[in-house]
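Taking it in order: structure first as structure tokens, then the write-up.
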Amino acid sequence: MMNATLGNRLLAKAGKLYLYLRLRAPGKIRRELSVKYEGQYRNAGLMLLFDFLMGLGVAAFAFVGTAILYFTIA
């Protein structure tokens, strides 16, 4: 139970920081938060985490594909 709360707090802090760095204006942040993230910084942090993991997955896939192609041709 404690870990879930800690995870939610970390996601909320990451989401808040992400929106602040991206939008800067408090009005824009509130609007983006209500429209896109259902009013929760946690959801913004979760989307940031998913985007990061998806980027890592694409990079790993490209690396493995390149390695296979390299060793097949060489």
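Tell me which residues, restricted to the stretch 5-26, are closer than 13 Å to Leu46 by Cβ, out of contact with any Leu (no Cβ under 8 Å at 6 or more places or on another chain) and not charged (D, E, K, R). Gly7, Asn8, Leu10, Ala12 - these are the residues of the stretch 5-26 that are closer than 13 Å to Leu46 by Cβ, out of contact with any Leu (no Cβ under 8 Å at 6 or more places or on another chain) and not charged (D, E, K, R).
Condition check ((1) among the aliphatic types (A, V, I, L, M); (2) surrounded by 12 or more Cβ atoms within 10 Å (Cβ to Cβ); (3) outside any helix (DSSP H, G or I)) across all residues:
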{"site": "Ala4", "(1), (2), (3)": "yes, no, no"}
{"site": "Gly15", "(1), (2), (3)": "no, yes, no"}
{"site": "Ile29", "(1), (2), (3)": "yes, yes, no"}
{"site": "Glu32", "(1), (2), (3)": "no, yes, no"}
{"site": "Met47", "(1), (2), (3)": "yes, yes, no"}
{"site": "Leu56", "(1), (2), (3)": "yes, no, no"}
{"site": "Ala59", "(1), (2), (3)": "yes, no, no"}
{"site": "Ile68", "(1), (2), (3)": "yes, no, no"}
{"site": "Thr72", "(1), (2), (3)": "no, no, no"}
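Glu32: at positive phi and either in contact (Cβ under 8 Å) with a residue 40 or more places away in the chain or out of contact with any Cys (no Cβ under 8 Å at 6 or more places or on another chain) (or both), yes or no? No: the conditions fail for Glu32. Scanning the stretch 18-27 for residues that are exposed (fewer than 11 other Cβ atoms within 10 Å of the Cβ) and assigned to a helix (DSSP H, G or I) yields Leu21, Pro26, Gly27.
Residues in the stretch 18-55 that are of a type in the set (Gly, Ala, Ser) and over 17 Å from Asn8 (Cα atoms) were compared, and the one that is nearest to the chain's Cα centre (by Cα) is Gly55. Being free of Cβ contacts under 8 Å to residues at least 24 places away in the same chain and not in a helix (DSSP H, G or I) is a property that holds for Gly39.
Values quoted throughout were computed directly from the atomic coordinates according to the rules given, and no laboratory measurement underlies them. Keep in mind that what you see is a predicted model, and the values were worked out from it rather than measured. Because the Cβ atoms are built from the backbone with ideal geometry, glycine has one as well, and the counts that use them run over all protein chains shown.
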